[in-house]
Amino acid sequence: MGKPTGFLEYQRELPSDRPSLERVHDWQEFHDHFPVLKLQQQAGRCMDCGIPFCHTGTLLSGMASGCPINNLIPEWNDLVYRGLWHEALERLHKTNNFPEFTGRVCPAPCEGSCVLGITDPSVTIKNIECAIIDKAFAEGWVIPEPPLKRTGKKVAVVGSGPSGLACAAQLNRAGHWVTVYERADRIGGLLMYGIPNMKLAKHVVQRRVDLLSQEGVKFVTKTAIGVDIPASKLRDDFEAVVLCCGATKPRDLPLHRRNLKRIHFAMEFLHANTQSLLDSAHADGNYITARDKQVIVIGGGDTGTDCVGTSMRHQCKNVVQFEILPRPPDTRQADNPWPEWPRIYRLDYGQEEAQARFGEDPRMYLLQTEKFVGNADGHVQEL
């Protein structure tokens, strides 16, 4: 696969990101792109390993190892190296309905289990995946492909997030008539309102929704099943109903004085921000602003990072992030061997931006919040 000696000749390279202090003044995606030659060199690092672990999709020590959807990674790496981009797209679409989403927001467990990663930096799998689909859209290769025959059967899908859209795409491809119900005003669920624009531009989501619509999928927004339409009606009108509702109940911290003002769930913050941005470029003011505020984000995962990045774009006064776990080591430890997901220190985009502006990583480790303290106005003042 790829160039037999590529992993010896080329070092791992990724395209640069836009400068941190520049990108916090807009909501555009922050990744730049590589020229074709660079991408082919990076694909050429794929080793032709005897047993590729990158697409195994197993759980090791409770964490994903390899691609959970079993992408045929060595195959499309080889095709990219040889300049066969259209064939690489076909391989990518065999296992992945929406590579333009995963190529942007997936944490890439495939790279953590790359065989080359045992001794050297792994292949840039996620970047190559994103490059394949972006080139395909740019070249006009991704077009509506409605099924040639219809079964006459109707299926309702409740929820239009990643699982709902993938479910709709597969059922429609099989020839069924699919209707997707979404309670929000736009299709996409987590893709639309849970992931900020700078990580996943919304025109990328809408582009795929439009394709599905042209292929015959019907979308119904502003409709909550059980509120606007009784569940019994779906059972009466459709041969099957698929629930793809997602996990919409946030995890609370029922601590002393939790009822203080200006304590918000992450999804309240992120959803309202994106909706206001799309509706009016924030002119309507219908969002929770962090402008000129001191912000504490509780939680060190991806959602916490998105809250840090959003607060930075609001021009917050400062931001810190509480992480209950210890700081990860810089390199793999003996109890975290390949091909497990490497539990190592990473500086994600939000922390990188905060560090550039305030001089240090905003994360504070081994902290557990025990109570909230308020001021005379009932606003949270300290933790």
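The values are calculated or read from the model by the stated rules, or taken from the named source; none is laboratory data. Model, not experiment: these values are computed from the prediction. Ideal geometry is used to build each Cβ from the backbone, glycine not excepted, and the neighbour counts take in all protein chains shown. Remember, those area values only see protein heavy atoms, side chains included, never the ligands or the DNA or RNA. Shrake-Rupley method; radii C 1.70, N 1.55, O 1.52, S 1.80 Å.
Just a few scattered comments:
- Considering only beta bridges that DSSP places wholly inside the chain, some 20 percent are antiparallel.
- Using the Cβ-Cβ distance between LYS149 and MET63 with R0 set to 41 Å, the FRET efficiency from 1/(1 + (r/R0)^6) comes to roughly 0.45.
- Taking 7 Å steps out from each Cα toward its Cβ at LEU383 and ASP134 produces label points 3.4 nm apart.
- For TRP338, the accessible area of its heavy atoms, probed at 1.4 Å with every protein chain present, is near 60 square angstrom.
- Burial ranking of peptide ranges 292-303, 177-188, 149-160 (average Cβ count within 10 Å, highest at the top): 177-188, 149-160, 292-303
- Alpha-carbon centroid distance for the pair segment 1-65 / segment 169-213, whole angstrom: 26 Å
- Restricting the calculation to Cα atoms, segment 25-174 shows an Rg/Rh of 1.00 when the hydrodynamic-style radius is the Kirkwood one.
- Residue-averaged 222 nm ellipticity for the chain, from DSSP H runs of 4+ at -39500 (n - 2.57), nearest 500: -10000 deg cm²/dmol
- Cα-based reach from LYS371 at 20 Å (exclusive), listing aspartates and glutamates while leaving out same-chain residues under 8 positions away: ASP252, GLU323, GLU382
- Cβ charges +1 (Lys, Arg) and -1 (Asp, Glu), total dipole of segment 172-265, debye: 720 debye
- The Kirkwood radius of segment 27-78, taken over pairs of alpha-carbon atoms, gives through the Stokes-Einstein law at 4 °C and 1.567 mPa s a diffusion coefficient of 99 µm² s⁻¹.
- Extension gain, LEU211 to ILE324: 0.36 nm times the residue separation minus the Cα-Cα distance gives 36.5 nm.
- A probe of 1.4 angstrom, applied to the heavy atoms of all protein chains, finds THR102 with accessible area near 40 square angstrom.
- Dimensionless Rg/Rh of segment 10-105 - Kirkwood Rh, Rg from C-alpha atoms: 1.01
- Shape call, the chain: gyration tensor on alpha carbons, a/c limit 1.5: oblate
- Isotropic mean projected area of the C-alpha convex hull, segment 279-375 (nm²): 8.8 nm²
- The ellipsoid equivalent to the alpha-carbon distribution of segment 100-203 has semi-axes of 30, 18, 14 angstrom, derived from the gyration tensor eigenvalues as √(5λ) and listed largest first.
- Label-point separation, GLU90 to LYS317 (7 Å along Cα→Cβ), nm: 6.1 nm
- Taking 0.36 nm per residue of sequence separation and removing the Cα-Cα distance, the ASP185/ALA376 pair yields an extension gain of 65.0 nm.
- Its residues counted as N, segment 202-247 yields a C-alpha radius of gyration over 2.2 N^0.38 Å of 1.38.
- Exposure of MET63 as accessible area (Å², to 10), given a probe of 1.4 Å and all protein chains: 40 Å²
- Centre separation in Å (Cα based) which lies between segment 80-118 and segment 265-320: 31 Å
- Cβ-defined net charge surrounding LEU234, 15 Å radius [Lys, Arg +1; Asp, Glu -1]: +1
- Counting Cα-Cα pairs of segment 207-320 in 5 Å increments starting at 0 gives whole-percent bin shares of 2, 8, 13, 17, 15, 14, 12, 9, 6, 3, 1.
- Segment 190-227 residues near the modelled ASP302 label - backbone nitrogen below 20 Å, point 7 Å along Cα→Cβ: 190-209
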